[in-house]
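In what follows, a structure is listed as structure tokens, so that the remarks can point back to it.
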Amino acid sequence: RSTGRVQKVAYDGTLLWDFTYSTSTYCLHHDICPMPNGNVLLISYDVRTAAEATAAGCSVGHIVWSEKIIEVQPTGTNTGNIVWEWKLWDHLTQNIDSTRANYHATIIDHPELLNINYQNGSTTRDWIHMNGIDYNPVMDQIVFSSHNINQLFVIDHSTTTAEAAGH
């Protein structure tokens with residue numbers, strides 16, 4: 001469910017943090033994960049245009065609701081700094097069109113990447129649908145689930161945002 005907003009409320013009902021992260025191109029949804037350092041991991045849709053999807057090798061030219069994870073450091077009652085980010089869009093593959101981005105003839109050789117054409121039919125904008133998120137502080141790893149493709153993914157949080165964009 002799309003919300004775009006997360007709140008931290010004390011047991012007595014006092015609102016401690018009220019953070020909104022929502023525009024026409026991104027929106028918080030579903031789960032959050034408080035971290036030991038006081039920051040919060042948040043799941044967000046990452047809307048991509050039909051042109052972006054086609055350029056990335058999507059076989060169906062439609063808007064794609066990709067996903068991203070942001071780590072937010074609360075800085076005030078209604079504010080926060082994004083201190084880390086991981087985008088699914090940076091980790092795509094496809095074997096449909098060798099003239100498009102992310103082409104790999106043999107997808108199975110790239111388990112670190114996700115096939116943009118896997119279950120991405122003509123009516124599926126909410127392609128992956130991240131649903132749950134958790135953090136392992138011992139290994140500095142994030143795990144998230146995908147409702148639509150029934151998978152769990154583990155990503156390395158020890159990277160910088162720039163490193164997280166790579167493979």
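Odds and ends about this structure:
- Leading residue by the ranking (most open to solvent (accessible area, probe 1.4 Å)) among those in the stretch 1-43 that are touching a Cys at 6+ places or on another chain (Cβ under 6 Å) and of a type outside the set (A, V, I, L, M, F, W, C): Ser2
- Top-ranked residue in the stretch 73-113 [being part of a strand (DSSP E or B) and touching a helix residue (DSSP H, G or I) at 6+ places or on another chain (Cβ under 6 Å); ranked as farthest from Arg5 (Cα to Cα)]: Thr93
- Condition check for Asp97 on (1) over 22 Å from Cys27 (Cα atoms); (2) open to solvent by 40 Å² or more (accessible area, probe 1.4 Å); (3) under 15 Å from the mean Cα position of the chain (by Cα): one failure, at (3).
The values are calculated or read from the model by the stated rules, or taken from the named source; none is laboratory data. Because the structure is a prediction, the values reported are computed rather than measured. When we count neighbours, we look across all protein chains shown, and the Cβ atoms used for this are built from the backbone with ideal geometry, even at glycine. Each accessible area value is taken on the protein alone, full model and side chains, heavy atoms only, with ligands, DNA and RNA left out. Shrake-Rupley method; radii C 1.70, N 1.55, O 1.52, S 1.80 Å.
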